[in-house]
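First comes the structure, then the notes that go with it.
The values are calculated or read from the model by the stated rules, or taken from the named source; none is laboratory data. Just so it is clear, the model here is predicted, and its values are computed rather than measured. Cβ coordinates were reconstructed from backbone atoms using ideal geometry, including for glycine residues, and neighbour counts include every protein chain displayed. Calculation scope for accessible area: heavy atoms of the full protein, side chains included, ligands and nucleic acids excluded. Shrake-Rupley method; radii C 1.70, N 1.55, O 1.52, S 1.80 Å.
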Amino acid sequence: MPKHLVIVESPAKAKTIGRYLGDDFVVESSVGHIRDIPTKVGEVSDAKKAAWKASRFGIDIDDDFKPMYVVTPNSKKQVAALRKEMKGADSLYLATDEDREGEAIAWHLLEVLKPTVPVHRMVFHEITANAIREAVENPREIDQRVVAAQEARRVLDRLFGYEVSPVLWRKVQRGLSAGRVQSPATRIIVERERERLAFVAAEYAGVAGIFTPADEDAEFEAKLTTVDGDRVATGKDFDQAGIPRNDRLVLAPAAAVMLADELAGAPFTVVSVERKPYTRRPYAPFRTATLQQEAGRKLRFGARRTMSAAQRLYESGFITYMRTDSTNLSGTALSAARSLVAGRFGEQYLPDAPRFYGKKAKGAQEAHEAIRPAGERFQDPKAVVGSFGAMSDESRLYDLIWKRTVASQMKDAKGESLQIRLSGTAATSERSCEFSATGRTILFAGFLKAYVEDIDDPDAARDDQESHLPELDEGQGLDAVSVGSTVHETKPPARYTEASLVKRLEELGIGRPSTYASIISTIQDRGYVRKHGSALAPTLKAFAVVGLLEEHFGDYVDYDFTALMEEDLDKIAGGEEQMAPYLERFYSGSGDHPGLKDLVSVDALEAIDPREINSFPIGDAADGVAIVARCGQYGPYLVHGEERASIPEDLPLDELTVERATEFLEAPSDDRTLGEDPETGLTVSVKAGRFGPYVQLGDRDADSKDKPKTASLFKTMSPETVTLDEALRLLTQPRTVGAHPEDGKPITAQNGRYGPYVKWEKETRSLDDEEEIFTIDLDAAVALLSQPKKRGGRKTAAPLKELGDDPNTGKPIVLKNGRFGPYVTDGETNASLRVVDSVDTITADRAIELLAERRAKGPAPKRKKAAKKKPKKK
């Protein structure tokens, strides 16, 4: 019997596909990308080391920007397994996803495995028996143009990131990164915060009343709209500077109170009753971007959490491919949806013909269907509950997709809107006042019977909300039950949420649906953005980085330029553009337009003033001296004359007022001088650091790269009571215990990230107590080093916080402190807190999101056991 080898990306996908293929098919997975451009010389084989040294970050600039590829360390074992399977195969089917990344993975597999048997490119957009059978029967070739587009994107990202990031290290803070797409995304959030900082709040008042028809028991609310024909100002009539439109009447609070009092006993008359029919069309089926937005609104899922759940649904055969720009449904899907509408809701909800939706996404590229339930008959949401659990992310997301798809094939919702205008005259001033009330009644629910979309604006009404008003006629008299004044203040523009940021990225054409989740995760992981509730707020380092990029790399954070780059990649995928000439223009420039290498030249970098880039004026203190916030190498801080004070990294800049800054500057500091070191004459001080209190010998010289010697305080010590002698003793670390009798090499004792330990060459052993650093002798150290390392001997620490049950597993989530920092766990899956997370502020929703993301990555790779050293011959 012939043997056909099928390779997909993930083990879960391989398991599902394997159910639909016969015994003559073997389905294996590549576990994602198997090759990438190396990041350091250690990843390159000896045969390629010369080429690496001659390249620019692994890219041969002189040979049409040809990238060097190596099998990634995590993929070597899987590649070996695939090569073994290839030996007995009669044909190879490459069944990776039908997008740029999937096409590239297929090509890399072809390059690495070098098959001598027939090779077929197998594509499908849903994992069902019919779709897999059809894909096997109708294979195609690998699309080299799509591969070239992915390779161009990878080279662009490598060149931009590796050329620009070092500029940020030198001018802003070490460890920062720039990205071709992440930097414009960060700029979007920074620009919104700038708008909030420039915003000037304005106060305005209004008048509202409760009215009822004479001799009727029906009350309704109406708001004042005009006074003597002048329109009364509302919040939308003010600009960012707090200035109202010229043709609006701004009521002061006192004037509104007086007017309300005068109108309290006045008679009112209905001026007009206006009825208008309205129609609401169903929402289009989900695209990647709209799924992320709606899951964010309805389920409070982050973009990555949404895509992780969608990936598992797709790989389990429940939905179609989840990375798509399309809103189209196949004929099979239309039939399935229409059948469900007729059966579940009735023929009165079924339109005469199927409904079709056009593409609206800027730069839409994929030719897939919309995201919908898979198959010729949509599986009931209960089937997903049976597979994943009732409150799992997968079940909740599938329910959303199922309802949206079915609703897209239902009739329009129809209703009637009603506006009533009424007038009255103020008793004393005799001012003519007009009030208005609006209502809405749904006459036929249509698609709203199945699905209602949520909205970003908290003040706006959902499509299914009704507001009933009594039946009134023009000229009818009304009694004022009560009339009162209200005082309002204009609000600054709302910060972006993940859902609204996805919407903005799509509007601008930045990135692609498949990258939105990783973009949002990256800017949070890098510490550029922190979550305040569901809102995304930029950190001080984000302001510094965006300011530098706008000033010196303007094109690369320009929204139109970034969108054009995406279009250029689409042209390469379509064969309209060649990769090498495009990359040459990007890197070396063309005509008067400089290239990337010109912008990172030594001369260009000398023009960047780090002090200016990293300084943000807050205002003048009470003494008239300016307070400035700065982004430093070790975090943000305030400067006021000679005073310095650290500020929290997660403090939004719009909350850093002069008053708040003064509080930080006046707060007592743990930093104090202990005295002088008698040997060097340098000052010894105790300071508060990011990882706890420490002592320091000397001060940092801004013009020197050398750092002062430091040592952490023992757990038994406190900054308030530590003495000069104790500090000098701490600074003697690492202490040399003696020479090891086996080779004469020194054994040292010192404190480390995970506590006190002794070290001999590469061998380390933990000490039980910090004081042993200064008391352990040579014999005890040699004996300790001769013992095997303890595994699992540490006591289980009590959880720092309990966060409730995980809806995906039903198990309790707790926050713990581990060797590598704080993490959340449900007992099976562990997920470390990110840079943007805090032990004090982490929520249950955030913990669930972190665990879902960790599960989506699959199990952590097992560490290789270190080979045992053979004893030396005597």
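Every residue in the range 49-96 that is of a type in the set (Lys, Arg) and more than 27 Å from Arg121 (Cα to Cα), please.
Initially, the range 49-96 is screened for residues of a type in the set (Lys, Arg), giving 49, 53, 56, 66, 76-77, 83-84, 87.
The answer is Lys49, Lys53, Arg56.
Tally time: how many residues in the range 569-585 are in a helix (DSSP H, G or I) and open to solvent by 10 Å² or more (accessible area, probe 1.4 Å)?
Of the range 569-585, the ones in a helix (DSSP H, G or I) are 569-573, 579-585.
So of that shortlist, the ones also open to solvent by 10 Å² or more (accessible area, probe 1.4 Å) come out as 570-571, 573, 579-582, 584-585.
The total comes to 9.
From the set of residues in the range 653-664 that are free of Cβ contacts under 8 Å to residues at least 40 places away in the same chain and among the hydrophobic types (A, V, I, L, M, F, W, C), which is surrounded by the fewest Cβ atoms within 10 Å (Cβ to Cβ)?
Phe664
For residues in the range 658-671 being out of contact with any strand residue (DSSP E or B) (no Cβ under 6 Å at 6 or more places or on another chain) and modelled with pLDDT under 90, which is farthest from Tyr694 (Cα to Cα)?
Within the range 658-671, the match that is farthest from Tyr694 (Cα to Cα) is Glu663.
Test each condition in (1) in a loop (DSSP other than H, G, I, E, B); (2) out of contact with any Gly (no Cβ under 9 Å at 6 or more places or on another chain); (3) not charged (D, E, K, R) for Thr327 and report the one that comes out false.
It is condition (2) that Thr327 fails.
Out of the residues in the range 804-815 that are at pLDDT 85 or above, over 20 Å from Asp525 (Cβ atoms) and surrounded by fewer than 20 Cβ atoms within 10 Å (Cβ to Cβ), which is farthest from the chain's Cα centre (by Cα)?
Pro812
Which of the residues spanning the range 76-106 are touching a residue at least 24 places away in the same chain (Cβ under 8 Å), part of a helix (DSSP H, G or I) and open to solvent by 40 Å² or more (accessible area, probe 1.4 Å)?
Gln78, Ala81, Arg83, Glu85, Glu101
Tally time: how many residues in the range 1-32 are farther than 19 Å from Ala80 by Cα, part of a loop (DSSP other than H, G, I, E, B), open to solvent by less than 60 Å² (accessible area, probe 1.4 Å) and of a type in the set (D, E, K, R)?
Residues in the range 1-32 being farther than 19 Å from Ala80 by Cα, part of a loop (DSSP other than H, G, I, E, B), open to solvent by less than 60 Å² (accessible area, probe 1.4 Å) and of a type in the set (D, E, K, R): 1 in total.
I'd like the full set of residues that are open to solvent by 50 Å² or more (accessible area, probe 1.4 Å) and more than 16 Å from Leu156 (Cβ to Cβ), limited to the range 64-75.
Pro73, Asn74
With respect to Arg153, is the statement that it is crowded, with 17+ Cβ neighbours inside 10 Å, out of contact with any strand residue (DSSP E or B) (no Cβ under 7 Å at 6 or more places or on another chain) and closer than 30 Å to Thr486 by Cβ true?
When the stated conditions are applied, Arg153 does not pass them.
Just one of the numbered conditions (1) open to solvent by less than 20 Å² (accessible area, probe 1.4 Å); (2) among the charged types (D, E, K, R); (3) in contact with a strand residue (DSSP E or B) (Cβ under 6 Å, 6 or more places away or on another chain) is not true of Arg35; which one?
Here Arg35 clears every test but (1).
For Ala233, indicate whether it is closer than 22 Å to Glu434 by Cα, touching a helix residue (DSSP H, G or I) at 6+ places or on another chain (Cβ under 6 Å) and hydrophobic (A, V, I, L, M, F, W, C).
No: the conditions fail for Ala233.
If a residue must be open to solvent by 10 Å² or more (accessible area, probe 1.4 Å) and on the phi > 0 side of the Ramachandran plot, how many such residues does the range 423-446 contain?
Within the range 423-446, residues that are open to solvent by 10 Å² or more (accessible area, probe 1.4 Å) and on the phi > 0 side of the Ramachandran plot number 1.
Report the residue count in the range 605-635 for those that are part of a strand (DSSP E or B) and open to solvent by less than 20 Å² (accessible area, probe 1.4 Å). Quick ask: steps written out before the conclusion?
Narrowing the range 605-635 to residues part of a strand (DSSP E or B): 615-620, 626-632, 635.
Remaining after also requiring open to solvent by less than 20 Å² (accessible area, probe 1.4 Å): 627, 629, 631-632, 635.
Qualifying residue count for the region: 5.
Taking the condition of being surrounded by 13 or more Cβ atoms within 10 Å (Cβ to Cβ) and either among the acidic types (Asp, Glu) or out of contact with any Pro (no Cβ under 6 Å at 6 or more places or on another chain) (or both), how many residues in the range 40-63 meet it?
Counting residues in the range 40-63 that are surrounded by 13 or more Cβ atoms within 10 Å (Cβ to Cβ) and either among the acidic types (Asp, Glu) or out of contact with any Pro (no Cβ under 6 Å at 6 or more places or on another chain) (or both) gives 9.
Pick out the one residue from Phe356, Phe378 that is in contact (Cβ under 8 Å) with a residue 12 or more places away in the chain, buried (at least 18 other Cβ atoms within 10 Å of the Cβ) and over 26 Å from the mean Cα position of the chain (by Cα).
Testing whether each residue is in contact (Cβ under 8 Å) with a residue 12 or more places away in the chain, buried (at least 18 other Cβ atoms within 10 Å of the Cβ) and over 26 Å from the mean Cα position of the chain (by Cα) leaves just Phe378.
For Ala241, work out the one condition from (1) farther than 26 Å from Glu550 by Cα; (2) at pLDDT below 95 it doesn't fulfil.
Going through the list (1) farther than 26 Å from Glu550 by Cα; (2) at pLDDT below 95, Ala241 breaks only (1).
Check Gly42 against each of (1) over 30 Å from Glu126 (Cα atoms); (2) at pLDDT 85 or above and name the one condition it does not meet.
(2)
When only residues in the range 712-734 that are more than 45 Å from the chain's Cα centre (by Cα) and of a type outside the set (A, V, I, L, M) count, which is farthest from Arg672 (Cα to Cα)?
Once the filter is applied, the top-ranked residue is Arg729.
Restricting attention to helices (runs of 4 or more DSSP H) lying wholly within the range 331-431, give those where 3 or more residues are over 20 Å from Thr306 (Cα atoms) and either out of contact with any Pro (no Cβ under 6 Å at 6 or more places or on another chain) or of a type in the set (Gly, Ala, Ser) (or both).
331-344
Any idea which of Ser718, Ser766, Ser786 is of a type in the set (S, T, N, Q), free of Cβ contacts under 8 Å to residues at least 12 places away in the same chain and either out of contact with any helix residue (DSSP H, G or I) (no Cβ under 7 Å at 6 or more places or on another chain) or open to solvent by 40 Å² or more (accessible area, probe 1.4 Å) (or both)?
None of the other options fit; the residue is Ser786.
So Ala254 passes all but one of these: (1) in contact with a Lys or Arg (Cβ under 9 Å, 6 or more places away or on another chain); (2) open to solvent by 60 Å² or more (accessible area, probe 1.4 Å). Which condition number does it fail?
Condition (1) is where Ala254 drops out.
Of the residues Glu566, Glu551, which is of a type in the set (Asp, Glu), part of a helix (DSSP H, G or I) and open to solvent by 40 Å² or more (accessible area, probe 1.4 Å)?
Glu551
So the check is Cβ under 9 Å with 6+ separation or different chains; which pairs have a first residue in the range 455-475 that's modelled with pLDDT of 90 or more and a second one that's open to solvent by 100 Å² or more (accessible area, probe 1.4 Å) and in a loop (DSSP other than H, G, I, E, B)?
As it stands, the answer is Pro470/Glu219, since those pairs meet every condition given.
Counting only residues that are of a type in the set (Ser, Thr, Tyr), in contact (Cβ under 8 Å) with a residue 24 or more places away in the chain and buried (at least 20 other Cβ atoms within 10 Å of the Cβ), which one in the range 276-307 is nearest to Ile442 (Cα to Cα)?
Of everything passing the filter in the range 276-307, Thr288 is nearest to Ile442 (Cα to Cα).
Residues of the range 818-828 being part of a loop (DSSP other than H, G, I, E, B), out of contact with any Pro (no Cβ under 9 Å at 6 or more places or on another chain) and modelled with pLDDT of 75 or more, which ones?
Across the range 818-828, the qualifying residue is only Glu828.
Yes or no: Asp650 touching an Asp or Glu at 6+ places or on another chain (Cβ under 7 Å), touching a residue at least 12 places away in the same chain (Cβ under 8 Å) and not in a strand (DSSP E or B)?
no
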